[in-house]
Amino acid sequence: MSHAKELFLDHAATTPVHPDAVGLMLPFFGNHFGIPSSPSGLGQRSKRAIDEARSRVAALINASPAEVVFTSGGTEANNLAVLGAAFAGRKKGNHIVTTAVEHASVLNACRHLENRGFRISILPVDDQGRVDPEQVRQALCDDTILISVMHASNETGTLQPVEEIGAMAHEQGIVFHCDAVQSAGKVLLDVRSLHIDLLSISSHKLYGPKGAGALFVADRDAIEPVIFGSGQEQGIRPGTLNVPCVAGFGLACSIAQRDLENNGVLMASLRESLEQQVVNRITGVRINGAGAPRLPHISSLSFRGVPADDLAVHLDAANIVVSSRYSPGIEGHEMSPALAALGLEREYASGTVRLSLGWENKEKQIRRTLENLSEAIESLRGFAAASRGKDVTMFTFPDRESAAAARESLRGSGLAFSLAARPRDLAHGTCSSIALACLSRDHTKVGALLGENGIAITGMHKTRDEDRPMKKKERGFWDKVERIKKGLPS
Ligand code: PLP
């Protein structure tokens, strides 16, 4: 498996495709290009590949093949489940129960339904990210038609009490949907013992290709289609299937099932080692969800007083890929709803990164991560202390290499500086995502040093320390800018 020199610790976002799955897929991009609905030999070869994949996906979740509906991924499976169950259940009622930590593909589908007359109850979670089944029970009404609760959180890996919730749903004749995109292939998943009616999974989270996923549908009458066409996938999800990706997805499911126990033990022990070392070496850190049952591979860490984006770019500069969970400018400068639901204080929440391991990670990579993590946090906290109450200037660069070279050339200069995420207002600019921050009063010296070392820069941007009170003249200037933006007389 090749991630080149990159150390990839973002497996909850996506995974590399397993080489055996690549091998299985390749002929379907070439000579085996038949359409599965065609009775020709070519078509039937593709159909056999789809049938085999369907059996493999079904085996992973203890379903029967006829209950597996292929989709383009987890987002589509969740939309189909929520919208499809709502439309099918509309004669019975219009109330849906879900939680505040669901993925956007569930929450936004619910919001869409709310705008069309459905009633949605969004339940809170405790400080470990778990929903209380008793609260689910209390939320149910005579007109509840759907409960949608994820199996495991994509933020913290926290497992929800889905067995209890599923049993409760069935006692009351309510359809139960479970988003298992993060947990499938990581922990045992049995749709029967968990009392699940609809279950979403995604190929690219379990070493399959992007562009494939599945919805388990126990009862065809529990959902209505949301797109219309010919009769593929029992008419629940019409459209010609992505044969290579579905075949690769199927094999990835079989491999995940075969290696589930070994990989689970391996990843849990690596995660334990990572978290132990973080706690031993770095102060002011919280491990989110550590007090609840969790997936074995996700570690959500909140570092006090460290901007998560800046931390992620420090690690990126060292070729370590993690996920910042607090993305100003991308998610509207807000913490994700799932983090907000945990009730973290802002100074911790804004320093939250997610490290998610894969079976190909090794202990020595954990040590490398720790070295870089502690160095980055020391540097960011040091710069935050030096720049408190002062204005900061950011230099941006055409590429990561120039940013790294800039850092090297400033080492030992005695100037206060730090790598940082590029300024928010340049989110879509052409420069590298890595910038370099220095005190504004030093920017001439920094610029001269970079010039002497032949380092190309794309720009220089002054940013204000948000904690520093504005001077009257400065406030007047920004008020004017706001008025112009709103089209008011300046
Ligand atoms: N549900 C959860 C819990 C996820 O983490 C994700 C992706 O991150 C999705 C759904 C969407 O899956 P996909 O990327 O296959 O659309």
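The values are calculated or read from the model by the stated rules, or taken from the named source; none is laboratory data. Note that the coordinates shown come from a computational prediction; the quantities given were computed from them, not determined experimentally. Here Cβ is always computed from backbone atoms with ideal geometry, including for glycine, and neighbour counts include all displayed protein chains.
The table for this structure:
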{"read-out": "Within segment 96-204, strands (runs of 3 or more DSSP E) holding 2 or more residues that are crowded, with 21+ Cβ neighbours inside 10 Å and in contact with a Leu (Cβ under 7 Å, 6 or more places away or on another chain)", "value": "175-179, 198-202"}
{"read-out": "Cβ-Cβ under 9 Å pairs, at least 6 apart or on other chains, segment 341-361 side more than 22 Å from ASP309 (Cβ to Cβ), far side polar (S, T, N, Q)", "value": "GLY358/THR15; GLY358/ASN263; TRP359/ASN262; TRP359/ASN263"}
{"read-out": "Some residue of segment 55-70 being more than 16 Å from the ligand (Cβ to nearest atom), under 30 Å from ALA290 (Cα atoms) and surrounded by 19 or more Cβ atoms within 10 Å (Cβ to Cβ)", "value": "no"}
{"read-out": "Selected residue (criterion: nearest to ALA403 (Cα to Cα)) from residues of segment 416-460 that are among the hydrophobic types (A, V, I, L, M, F, W, C) and in a helix (DSSP H, G or I)", "value": "LEU450"}
{"read-out": "Options ARG367, ARG354, ARG381; residue that is outside any loop (DSSP other than H, G, I, E, B), crowded, with 17+ Cβ neighbours inside 10 Å, more than 23 Å from the chain's Cα centre (by Cα) and at pLDDT 95 or above", "value": "ARG381"}
{"read-out": "Test: residue in segment 263-280 that is assigned to a strand (DSSP E or B), at pLDDT 95 or above and either among the charged types (D, E, K, R) or in contact with a Gly (Cβ under 9 Å, 6 or more places away or on another chain) (or both)", "value": "no"}
{"read-out": "Scope segment 111-146; condition in contact with a helix residue (DSSP H, G or I) (Cβ under 6 Å, 6 or more places away or on another chain), within 16 Å of the ligand (Cβ to nearest atom) and either free of Cβ contacts under 8 Å to residues at least 40 places away in the same chain or of a type outside the set (Gly, Ala, Ser) (or both); matching residues", "value": "VAL125"}
{"read-out": "Qualifying residue in segment 74-91 (condition: in a loop (DSSP other than H, G, I, E, B), within 16 Å of the ligand (Cβ to nearest atom) and out of contact with any strand residue (DSSP E or B) (no Cβ under 6 Å at 6 or more places or on another chain))", "value": "no"}
